[in-house]
Amino acid sequence: MTQPAKIFVSESSTPPPDAKQPVKPSAVRTFLRGRGNSAIADGIFKALVFLCALSIFGIVILIAWELISRSHLTLAKFGLGFFFRSAWDPVNNDFGAFPFIYGTLVSSFLALLISVPFALGVAIFLTEMCPKWLRAPLSFLTELLAAIPSVVYGLWAIFVLIPLLRDYVNPKLMFTLGWTGFFTGPNAGYSMLAAGVVLAIMILPIISSLTREVMTSVPMVQREGVLALGATRWEMIRIGVLRNARIGIVGAIILGLGRALGETMAVTMVIGNRPEIVKSFLAPGYTMASVLANEFSEATGDMYLSALIEIGLALFLVTIVVNACARMLVWAVTRGAPARVA
Amino acid sequence: MASQSLRPPLRASNVNVFSRRIKSNIVSGLALLATIIVIAPLIAILFYLLKQGITSLNWNFFTKIPVPAGESGGGMENAIVGSGVVLALASLIGIPLGIGAGIYLAEYAGSTRMGNLVRFTADVLNGVPSIVMGIAIYALIVLPQKHFSALAGGVVLGIMMVPTVTRTTEEMLRMVPHAIREAALGLGVPAWRSVLTITVRTASAGIVTGCMLAFARVAGETAPLLFTAFGNAFQSTSLNEPIAALPLQIFVYAVSPYDEWHRLAWAGALVLIVLIMASVALVRYVTSRGMLKGAS
């Protein structure tokens with residue numbers, strides 16, 4: 001408003017300010033007049049795009065409503081105890097979600113444990129160290145990791161990753177870390193560990209790209225100030241960048257956790273799908289998402305279906321909370337710049 | 001705030017410049033190593049995919065429908081067509097809704113409370129697991145109809161496209177300089193026409209990019225299709241019947257015990273990934289050329 005637009009200036013400069021207005025309107029004006037009243041059209045257009053925006057709320061409410069109303073059978077029968085029971089017996093209509101919740105949590109945290117150090121390393125390298133010409137291709141490559149569909153990761157994991165883990169990595173883990181109790185037992189390949197590794201590869205791009213975004217939003221002045229005080233490069237990154245970006249980085253990690261919790265196909269293909277709680281990471285497990293993928297389409301009986309839908313409801317609520325937290329943390333740092341869609 | 005937090009680490013502990021420099025170099029090395037290790041699985045996956053995929057890819061793959069286990073030959077023609085049908089329906093639902101919501105956010109809502117709420121909800125919706133979306137649509141469409149259908153599959157994927165399209169559309173529209181809007185309004189163009197023919201048009205390359213990104217994302221989705229589109233061993237394009245889809249077929253073949261089916265799964269994965277990578281690369285190319293050609 002304060003700055004006149006270029007096109008406008010050139011047009012308004014033609015008639016002198018106090019001269020009689022030319023009777024004949026310009027070609028543009030006649031063209032627009034011919035289009036009729038715009039007030040109604042404006043209102044309709046605004047209402048239309050507003051409806052589109054409302055549809056986003058509509059979708060969330062619809063999902064919540066469908067999940068709640070279709071799971072009322074188990075909600076009524078087991079109450080909150082559903083989430084702490086270990087039974088899973090479709091024949092006798094006895095259901096509990098604890099093994100699945102356990103599997104989801106353990107595989108997701110394993111994934112975070114593996115991927116966070118690497119994601120931070122990649123983000124630091126790409127924002128602070130990488131020569132300029134290498135930056136674009138490298139970040140493109142890491143983003144390509146995000147573009148590979150889940151089912152392809154699963155396929156690769158079945159035929160490459162699992163044999164690799166089973167034949168080379170797991171025996172070493174059992175030998176050196178077997179005493180902890182986390183790496184013992186039969187070495188089948190299909191395991192919590194395999195799921196954790198696949199998930200780690202899958203959530204890495206989202207964590208590293210968001211961390212990168214947060215780190216680039218730290219003002220250059222911070223870096224220059226620290227360097228001017230005589231810091232080495234690592235000190236500059238630690239004090240000038242990471243310290244300022246830490247909230248956003250935590251947000252990025254939580255967002256990665258949200259992805260890991262809901263990831264379905266790749267996990268289903270490698271985790272072994274057994275609803276048991278075993279301490280060893282080399283044993284098969286089951287997650288909330290994979291029990292849905294495996295059993296949903298053949299669920300017979302209202303109770304069975306209701307139990308599965310309640311697991312879906314729990315997954316929905318958990319991921320909503322996790323994502324909401326993460327978004328707020330990321331927004332707190334990169335305020336103004338809208339979050340990138342990965 | 002910065003100067004206070006800076007003092008202790010820089011002055012008190014590290015007097016020895018040499019050890020500090022070594023530490024710095026070690027960390028740099030670790031960061032480089034991390035990057036290399038991260039790139040490794042990507043290269044490994046792509047290499048293995050190419051190796052396995054190309055050897056099993058042949059003309060039959062694109063022209064034949066699946067044959068029963070044990071017989072050789074057969075392809076995924078029905079899955080490719082099915083994916084096309086489902087994705088077309090999804091785009092028909094997701095893209096208009098998403099672009100509309102994006103226009104609302106960029107042109108009308110600004111940073112009002114309502115605008116922020118929509119933005120926030122879209123981001124949260126983006127993080128809802130696809131399988132949960134699948135269940136919701138199963139309960140909404142499949143249960144009342146009592147059969148799986150391509151329609152349900154299209155609706156799920158369409159809904160999943162909305163948040164991505166919304167956010168990228170908004171981002172792109174916000175990059176259009178204000179002067180252009182003011183110029184249009186100053187000429188007496190009605191607001192809705194100015195939005196559609198000036199702002200949206202200027203940002204169109206960017207908006208198309210966003211749509212393709214969303215498309216590429218849902219093209220590989222398997223989980224929500226498991227109990228909506230369900231899959232179909234035969235040729236079908238009817239919206240009212242179960243339909244095959246490429247990711248679904250890959251999943252079924254991958255977990256099967258037959259070598260012949262494994263080969264088909266690899267071929268399918270190769271085709272899928274080439275499609276997705278091509279669109280991502282195209283997106284990359286368009287964005288690197290500058291989204292706002294018309295504006296400058």
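Observations on the structure shown:
- The protein assembly as shown shape via C-alpha gyration tensor axes, a/c threshold 1.5: oblate
- Remark: spin-label model distance residue B:255-residue A:61 equals 3.6 nm, labels positioned 7 Å along the Cα→Cβ axis.
- Legend: ranking of residues A:234, A:156, A:133 from fewest to most surrounding C-beta atoms inside 10 Å; resulting order A:133, A:234, A:156.
- Anchor residue B:51: aspartates and glutamates whose Cα lies under 20 Å away (excluding residues fewer than 8 positions away in-chain): B:259, B:260
- Rounded if a/c under 1.5, otherwise prolate or oblate - the range B:31-178, Cα gyration tensor axes: oblate
- With the simple spin-label model, which puts each label point 7 Å out from Cα in the Cβ direction, the residue A:129 to residue A:220 separation comes to 2.2 nm.
- Inter-label distance for residue B:30 and residue B:56, nm, one decimal - labels placed 7 Å from Cα along Cα-to-Cβ: 4.1 nm
- Residue A:39-residue A:188 FRET efficiency (beta carbon distance; Förster radius 60 Å; 0.05 resolution): 0.30
- Simple rule: put +1 on each Lys or Arg Cβ and -1 on each Asp or Glu Cβ in chain B, find the dipole, and look at B:32, B:280, B:192; the Cα lying farthest toward the positive end is B:32.
- Of A:173, A:282, B:143, the sequence from fewest to most neighbouring Cβ atoms within 10 angstrom is B:143, A:173, A:282.
- Where a label projected 7 Å from the Cα of residue B:277 along Cα→Cβ would reach, residues of the range A:129-149 with amide N under 15 Å: A:138, A:140-149
- Note on the range A:74-334: with charges restricted to the Cβ of Lys and Arg (+1) and Asp and Glu (-1), its dipole about the Cα centre is near 900 debye.
- The residue list B:16, B:257, B:53 was ranked by how far each Cα lies along the charge dipole of chain B toward its positive end, using unit charges on Cβ atoms, and B:16 comes out on top.
- Amide H to amide H distances under 5 Å link residue A:273 with A:285, where only residues 5 or more positions off or on other chains count and H is placed in the peptide plane.
- Charges were assigned to the Cβ only: +1 to each Lys and Arg, -1 to each Asp and Glu. The resulting dipole of the protein assembly as shown about its Cα centre is roughly 2520 debye.
- With Cα atoms, 0 to 90° folded angle of helix A:38-70 axis to chain A main axis: 10 degrees
- Förster-model FRET efficiency, 41 Å R0, residue A:72 and residue B:239, C-beta, rounded to 0.05: 0.85
- Rounded to the nearest 500, the helix-only mean residue ellipticity at 222 nm of the protein assembly as shown stands at -21000 deg cm²/dmol, with each DSSP H run of n ≥ 4 adding -39,500 (n - 2.57).
Throughout, read-outs are computed from the coordinates displayed, never taken from laboratory work. In this text the structure is predicted, and so the values were computed from the model without any measurement. Positions of Cβ are generated from backbone atoms using ideal geometry, with glycine treated the same way; all protein chains shown enter the neighbour counts.
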